[in-house]
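Everything on this sheet refers to the single structure shown next.
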Amino acid sequence: MQQVKNSASSIAFRVATAMHQMGIDGLPRNYELVYEVYSGNNPELVREFVALGRIKNQEALDEIGRKYLPHHHEEGLLKQQSGRVRSEMNSFMSLLSDERSSLGDYSRIIGEASRTIMAEGPVSTSALSQSINALKAATEKQVNHNSTLSGRVAAHTKALAEVQRDAEQVETAKFTDVQTGLGNRRAFNKALAKVYANAILPVSCGIVLAEIDDMQRFADPAAAPVLDQYVRQASKIVSAVVGTEGEDQAFRLDGGRLAMLFYAGDEAEISRMVDVVRSRLRLTNVIHPTTARALGPASMSYGICMSRQAGNGFDLVSYAERALGSSKAAGSDSVTIYGTVEQGHVPKDWLIYRP
């Protein structure tokens with residue numbers, strides 16, 4: 001069987017070449033940044049990267065990285081967040097100190113008024129009036145102080161909540177594709193690791209790799225917005241079919257490639273879900289982002305492989321890749337189910353079906 005060229009490998013080669021030509025250091029964060037640029041997943045990132053000019057210095061790359069790949073700059077973000085939390089806690093301590101001082105003054109005035117009122121023998125009207133007025137004034141002052149304190153505490157609580165929200169957003173960004181809202185390749189790899197957490201008895205499931213047909217038509221950088229429209233439309237349908245309530249997950253890996261993870265042990269059930277995706281895609285017209293012209297449905301090819309057919313996540317993806325390659329070779333809107341396997345996980349056959 002002829003080896004099908006892997007688009008991800010092609011991008012990886014282009015990334016390594018581009019980094020060498022632009023003099024970019026081979027740091028992991030630089031590699032992922034350039035990979036994201038060449039995969040075309042985020043047009044905004046592409047525009048900002050190109051705007052840096054022919055030679056990109058590390059400071060400029062890190063500035064973009066902090067915006068689009070914040071997980072590579074967690075140390076700086078953590079330092080910034082820690083500083084914000086420390087500042088808010090110092091303010092809280094200052095509020096508590098002010099409150100203790102205010103309560104001390106209020107307690108002293110209450111004590112003085114009590115001694116006057118509770119003194120043995122007759123108390124002059126002027127002394128009693130003076131004590132009552134002092135107590136009244138102190139009470140009003142304390143009420144105002146408490147109101148101000150409550151507002152300041154609420155403000156600091158809100159600020160701390162914003163710090164927490166920012167931290168959660170950074171954590172979410174690690175595993176989310178910006179353009180589609182689906183899980184990204186990192187989330188996909190994490191999910192596969194869970195499948196094979198027990199290598200002897202992997203979780204019973206199957207993966208589907210899907211790629212928009214005829215990707216060559218999007219080779220021109222000017223076609224990136226059109227590809228984005230196709231990917232968004234396909235992602236909406238895939239997300240709707242996979243659902244958000246159960247354990248099944250959907251991912252956008254790179255370019256026009258998506259992945260689905262179904263926690264089902266029967267390939268027939270997974271094939272049925274893929275058929276639902278295909279039928280919905282056929283009924284949906286993709287609209288050109290600038291001309292508003294109908295471009296037709298977003299046809300995709302699919303490769304399916306079950307976890308029981310592979311000993312690890314790498315093999316599972318490799319077998320699904322081979323199945324996807326068979327589908328692409330067979331023509332548009334095709335599905336290939338990776339066949340039964342013998343010991344040693346050697347592929348025995350494939351089943352290709354079309355509508």
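Points to keep in mind about this one:
- Selection count where residues are of a type in the set (A, V, I, L, M) and assigned to a helix (DSSP H, G or I), scope the stretch 172-192: 4
- Which numbered condition residue 201 misses (of (1) over 20 Å from residue 314 (Cβ atoms); (2) over 26 Å from the mean Cα position of the chain (by Cα)): (1)
- Filtering the stretch 318-334 to residues that are in contact with a helix residue (DSSP H, G or I) (Cβ under 7 Å, 6 or more places away or on another chain) and free of Cβ contacts under 8 Å to residues at least 40 places away in the same chain leaves 319, 334.
- Taken over the stretch 260-288, the residue count meeting the criterion of being touching a Ser or Thr at 6+ places or on another chain (Cβ under 7 Å) and part of a helix (DSSP H, G or I) is 1.
- Only one of the listed residues (220, 228, 248) is surrounded by fewer than 22 Cβ atoms within 10 Å (Cβ to Cβ) and more than 26 Å from residue 289 (Cα to Cα). That residue is 248.
- Scan of the stretch 12-43 for residues that are part of a helix (DSSP H, G or I) and free of Cβ contacts under 8 Å to residues at least 24 places away in the same chain, ordered by number: 12, 13, 15, 16, 17, 18, 19, 20, 21, 31, 34, 37
- Residue 216 more than 15 Å from the chain's Cα centre (by Cα), modelled with pLDDT under 85 and either under 25 Å from residue 296 (Cα atoms) or not assigned by TED's automatic domain parsing to the domain that holds residue 322 (or both): yes
The values are calculated or read from the model by the stated rules, or taken from the named source; none is laboratory data. Source: prediction; values computed, not measured. In this analysis, Cβ positions are derived from the backbone assuming ideal geometry, glycine residues included, and neighbour counts consider all displayed protein chains.
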